[in-house]
Amino acid sequence: GAEEWKGTPLLIFEYLEGGTLLDSLRRGPLTLEEVIDLGTVLSDALDRVHGSGVLHRDIKPSNIGYTSDGVAKILDFGLAAILDRSRGTGTLPAVLPSDPGLIAELAWGPEPSASLTITQQLVGTPLYLSPEALAGQMPQPTFDLWSLSLVLYQAFAGRHPLAGESIFDLVTSIRRASIPDIRDFRPECPAAFAAFLNDALSPVAARRPTTAAELRTRLRWLQGHLFPHAS
């Protein structure tokens, strides 16, 4: 929060003793119940963020932190955009080349987990950009929902679904929304959760949730369906 002390402006940040989701995943994947709980908490947070007219645009494991008692919070709004409420989309223009090789040359450095900005057109972290963000569409809440869904996939699979691909192949896979079924990495994954991810990361945008509230509703259904004892 913004404060002032003896006439000096201060910006105060909460210290999160629990580290980040990235720290946790370095020790191994989460359980499915933990993943669904995490998704429910974060989709609720995004619902409130989007409701206040802000897009995060850089949801990734290193931007999800934990308090000492394990409560997850979204960090680092440094790339956030303000929604144009009259249009329901972001206010930044976006015109990008269609050639994946040219996008890779312009945007990607040697580390695809780093955040990037190109003249306000392409903003975020390459591994977590949505197909629409990569195509240069106006910023919208679904960009954050795609990123969060990929984070949940990674949290359970123990790896990003496109990790290890060349930059060109990565751009092409994201553009096509070509995300492998999570059962390729975790064959024991319940069909209901695999179906949730297949919808949330579908190449058919109409199958994906369009609001954080809808994403939260789907996750809460999974909680009740897969873990009724926790309801």
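The values are calculated or read from the model by the stated rules, or taken from the named source; none is laboratory data. Since this is a predicted model, take the numbers as computed values, not measurements. All Cβ positions, even for glycine, are placed from backbone atoms using ideal geometry, and neighbour counts span all protein chains on display. Ligands, DNA and RNA are stripped out before the accessible areas are found, and what is left, the full protein with its side chains, is counted by its heavy atoms. Shrake-Rupley method; radii C 1.70, N 1.55, O 1.52, S 1.80 Å.
Of note:
- Of all residues in region 16-25, exactly one satisfies the criterion of being farther than 22 Å from Arg220 by Cβ, assigned to a helix (DSSP H, G or I) and touching a Leu at 6+ places or on another chain (Cβ under 8 Å), namely Ser24.
- Within region 37-73, the set of residues being more than 14 Å from the chain's Cα centre (by Cα) and either assigned to a helix (DSSP H, G or I) or surrounded by fewer than 17 Cβ atoms within 10 Å (Cβ to Cβ) (or both) comprises Asp37, Arg48, Gly51, Ser52, Gly53, Thr67, Ser68, Asp69, Gly70, Val71.
- Qualifying residue in region 26-34 (condition: part of a loop (DSSP other than H, G, I, E, B), within 29 Å of Gln223 (Cα to Cα), modelled with pLDDT of 65 or more and of a type in the set (Ser, Thr, Tyr)): yes
- Of all residues making up region 202-231, the number that are in a loop (DSSP other than H, G, I, E, B) and either farther than 21 Å from Ile179 by Cα or free of Cβ contacts under 8 Å to residues at least 60 places away in the same chain (or both): 4
- Residues located in region 203-212, provided they are among the small types (Gly, Ala, Ser) and either at positive phi or crowded, with 16+ Cβ neighbours inside 10 Å (or both): Ala212
- So Leu162, is it in contact with a helix residue (DSSP H, G or I) (Cβ under 8 Å, 6 or more places away or on another chain) and either buried (at least 23 other Cβ atoms within 10 Å of the Cβ) or at pLDDT below 90 (or both): no
- Subset of region 173-199 that is of a type in the set (A, V, I, L, M) and part of a helix (DSSP H, G or I) - its residue that is surrounded by the most Cβ atoms within 10 Å (Cβ to Cβ): Ile174
- Taken together, Asp44, Asp23, Asp37 contain a single residue that is among the acidic types (Asp, Glu) and free of Cβ contacts under 8 Å to residues at least 24 places away in the same chain, which is Asp23.
- Scope region 134-146; condition closer than 16 Å to Leu46 by Cβ, touching a strand residue (DSSP E or B) at 6+ places or on another chain (Cβ under 7 Å) and open to solvent by 10 Å² or more (accessible area, probe 1.4 Å); matching residues: Gln140, Pro141, Phe143
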